[in-house]
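The values are calculated or read from the model by the stated rules, or taken from the named source; none is laboratory data. What you are looking at is a predicted structure, and each value in this text was computed from that prediction instead of being measured. Because the Cβ atoms are built from the backbone with ideal geometry, glycine has one as well, and the counts that use them run over all protein chains shown.
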């Protein structure tokens, strides 16, 4: 056994291997010109079981990124979908008395419906059982094989079906037991096809050293340590496993699930009605600007995937972000503990805005996070219902009462030097800087801090007292205008994080909402809205309604 995570193998060449790197023909190179777009992906979720909160967390984070980029007028291609091949799925289906395809159809539809319920704004949903995907995988393999990067060898070692990988940890191998899934390992001894990862040692070292390719920084060291041990060729096929894509030219071999699944990012880029052609992916949005994944599959995306792309002559993704895991009340979530948080149940009991706010505002993206029900309730109620919701409700009520159901005259409140104007501009800069860094927590705090500052200003000015004295109407109007305008800024900035709450706030201010994250006309209605004084004096204000209901969670979720 080697120390790289894969057993040592004896290799021999397959077919006529050309070891020389060959340049793509000019016509093919022309197709590599990428259209300007922002392509980001979630992992393709493995359909051995229905979606869990971890899947929802990744997808909600990507949704916030996609909405933010669209609001900046980027052409976004947001990809998600399902990974549907492999022995684990075959066995799961058999245990349920289903065919693998029937099992995949049911679970994948569950994912699709769940993302619809969560109003995820993905542009593409790919399934690896799609016949179009099979063609892309086989085209990709032929490129890799023609480049001399496929060899045949014997794979020996302890294998975890649940992980879909061989285990090289001496403790696990001697057990033999998977420390992750707490299931016995299976001994495998079979002839497989291998991808010659070892040939890409220097390129991968240079890639992972590139600033920003692996994020956050804490993940980079993990990959550096793995690569420093020396890259080993890895198996890309299995024998006698019918539930998979056949390897062209190699009867009896089906593609290893990871080789197949990673290529789903390419399949998803193709327009639904066009012929599957690997040569088109660059014109459809490749390379991806961002892969967002759980930290447990970082190695596959930051090492194996780039090497595969290099072999096939395709550009590399710009960034791979590995986020942490979620626990519940300090414990790992699991069926045996009965503490799994169901995304559908959360949606039913708490609503989209509450869950989005908690997960994005409380958990530093990239770190592990702990879902604590009391803190969840407290943050949603204090931040959204009290600080933000009450600010809008009481200010709108005062404006309607004293200024004819409309936005008051701006007066000094329109001035760019107004303290709330300065606070709003600062919040906008902090928000965009944080979102560009995928720092959702800081972005949310920028919105919240502006709301807190605005509440403080309102309390200091105390317009309810000033209006009791003659001649203060103009001053009160200026103060209320500034507070309403700052509140509009809060609503605008919230749009990528909690789009429905943002829309309700804007509607209550007489503004056109951002259609839950879509940019409206012009270069960017969202960016244009970040201009102090955008609220029109005299604009009719609708009767105030609570924009955020308080959470009252008496029983455990």
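If only residues of the range 209-218 that are surrounded by fewer than 20 Cβ atoms within 10 Å (Cβ to Cβ) and closer than 13 Å to residue 321 by Cα are counted, the one that is nearest to the chain's Cα centre (by Cα) is 216. In the range 251-275, which residue that is assigned to a helix (DSSP H, G or I) and in contact with a strand residue (DSSP E or B) (Cβ under 6 Å, 6 or more places away or on another chain) is nearest to residue 318 (Cα to Cα)? Only one residue tops the list, namely 265. Regarding residue 18, is this residue assigned by TED's automatic domain parsing to the domain that holds residue 319 and either at pLDDT 95 or above or surrounded by fewer than 21 Cβ atoms within 10 Å (Cβ to Cβ) (or both)? No: the conditions fail for residue 18. What about residue 384, is it surrounded by fewer than 24 Cβ atoms within 10 Å (Cβ to Cβ) and within 29 Å of the chain's Cα centre (by Cα)? Against the criterion (surrounded by fewer than 24 Cβ atoms within 10 Å (Cβ to Cβ) and within 29 Å of the chain's Cα centre (by Cα)), residue 384 does not qualify.
Mind listing just one residue for me: the one in the range 450-483 that is free of Cβ contacts under 8 Å to residues at least 24 places away in the same chain, at negative phi and not in a helix (DSSP H, G or I) and, of those, surrounded by the fewest Cβ atoms within 10 Å (Cβ to Cβ)? Among residues in the range 450-483 that are free of Cβ contacts under 8 Å to residues at least 24 places away in the same chain, at negative phi and not in a helix (DSSP H, G or I), the one surrounded by the fewest Cβ atoms within 10 Å (Cβ to Cβ) is 470. Of all residues in the range 116-142, those being farther than 28 Å from residue 311 by Cβ, in contact with a helix residue (DSSP H, G or I) (Cβ under 7 Å, 6 or more places away or on another chain) and part of a helix (DSSP H, G or I) number 1.
One line per residue, one yes/no per condition, for (1) touching a helix residue (DSSP H, G or I) at 6+ places or on another chain (Cβ under 7 Å); (2) modelled with pLDDT under 95; (3) surrounded by 15 or more Cβ atoms within 10 Å (Cβ to Cβ):
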{"residue": "316", "(1), (2), (3)": "yes, no, yes"}
{"residue": "321", "(1), (2), (3)": "no, no, yes"}
{"residue": "337", "(1), (2), (3)": "no, yes, no"}
{"residue": "345", "(1), (2), (3)": "no, yes, no"}
{"residue": "354", "(1), (2), (3)": "yes, no, yes"}
{"residue": "361", "(1), (2), (3)": "yes, no, yes"}
{"residue": "391", "(1), (2), (3)": "yes, no, yes"}
{"residue": "396", "(1), (2), (3)": "yes, no, yes"}
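Matching residues to (1) surrounded by fewer than 19 Cβ atoms within 10 Å (Cβ to Cβ); (2) modelled with pLDDT of 95 or more:
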residue: 235; (1), (2): no, no
residue: 246; (1), (2): yes, yes
residue: 252; (1), (2): yes, no
residue: 261; (1), (2): no, yes
residue: 311; (1), (2): no, yes
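Residues in the range 297-316: is at least one in contact with a strand residue (DSSP E or B) (Cβ under 9 Å, 6 or more places away or on another chain) and assigned to a loop (DSSP other than H, G, I, E, B)? No. When 231, 278, 193 are screened for being in contact (Cβ under 8 Å) with a residue 12 or more places away in the chain and either touching a strand residue (DSSP E or B) at 6+ places or on another chain (Cβ under 8 Å) or on the phi > 0 side of the Ramachandran plot (or both), only 193 passes.
Condition first: closer than 26 Å to residue 366 by Cα, touching a helix residue (DSSP H, G or I) at 6+ places or on another chain (Cβ under 9 Å) and modelled with pLDDT of 95 or more. Now tell me which residues in the range 193-225 satisfy that. Answer for the range 193-225, where residues must be closer than 26 Å to residue 366 by Cα, touching a helix residue (DSSP H, G or I) at 6+ places or on another chain (Cβ under 9 Å) and modelled with pLDDT of 95 or more: 203, 204, 205, 207, 208, 209, 213, 214, 223, 224. Given the options 164, 152, 190, name the one that is surrounded by fewer than 18 Cβ atoms within 10 Å (Cβ to Cβ) and either at pLDDT below 90 or outside the structural domain of residue 252 (by TED's automatic domain parsing) (or both). Matching residue, one of 164, 152, 190: 190.
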